[in-house]
Amino acid sequence: MQIRTILVPTDFSESAACALEHAIGWAKTFRSEIHLLHAYQVPIQIGVGEPVPLPQEFFDQMRERAQRRLDELRAKAQSHGVGVHVHLTPEAPSSAIVDAAGQLEADLIVMGTRGLTGMKHVLLGSVAERVVRLAPCAVMTVKDGKESV
């Protein structure tokens, strides 16, 4: 099996940091490139009444903060001799990850999981779970070791 392109979605959590560590190891072994992806969903108002418009500055700052964090992660991976590309999108995470995997012709997705449980899981589902079901390639999910099983 040849792994040329590894997609690493990140929400900047501990699980995502562990996933990046694993991806760096795989990338070094297979001489692969890593594509870091952060998908942020623009907040929408849920409730009654007129939606309150958020100023463009709010969205600009959210994007700038995410870009800075992606750049820090890119530098970390590059310090290990790995080629890295970054992608930032305002799409819903699970669809953004699956779409990016297809567009990049990714051979492997390495992602963290936070292990949502209870009502939160019933209402929201798990991004990792949806990606595993819908991805066009292999998916490796990584826990950070601090989560309960």
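No value in this document is a laboratory result; all are computed from the given coordinates. If you're wondering where the values come from, they're calculated on a predicted model, not measured in any experiment. Heads up, the Cβs are rebuilt from the backbone with ideal geometry, glycines too, and the neighbour counts pull from every protein chain shown.
A cut-off under 13 angstrom between Cβ atoms defines the neighbours of Gln41, and their net charge, with Lys, Arg +1 and Asp, Glu -1, is -1. For Phe12 and Glu50, what is the calculated FRET efficiency with R₀ set at 22 Å and r taken between the beta-carbons, to the nearest 0.05? For Phe12 and Glu50, the calculated efficiency is 0.10. In this structure, the amide hydrogen of Val139, modeled 1.01 Å from its nitrogen in the peptide plane, lies closer than 5 angstrom to those of Ile109, counting only residues at least 5 positions away or on a different chain.
Listed by Cβ neighbour count within 10 Å, with the fewest neighbours leading, His38, His87 appear as His87, His38.
On the beta carbon distance between Arg4 and Ala92, with R0 = 25 Å, the FRET formula returns roughly 0.40. Taking Lys and Arg as +1 and Asp and Glu as -1, the other residues whose beta-carbon sits under 12 Å from that of Thr5 total -1.
Taken along the Cα-to-beta-carbon direction at a fixed 7 Å, the label points for His85 and Glu72 span 2.5 nm.
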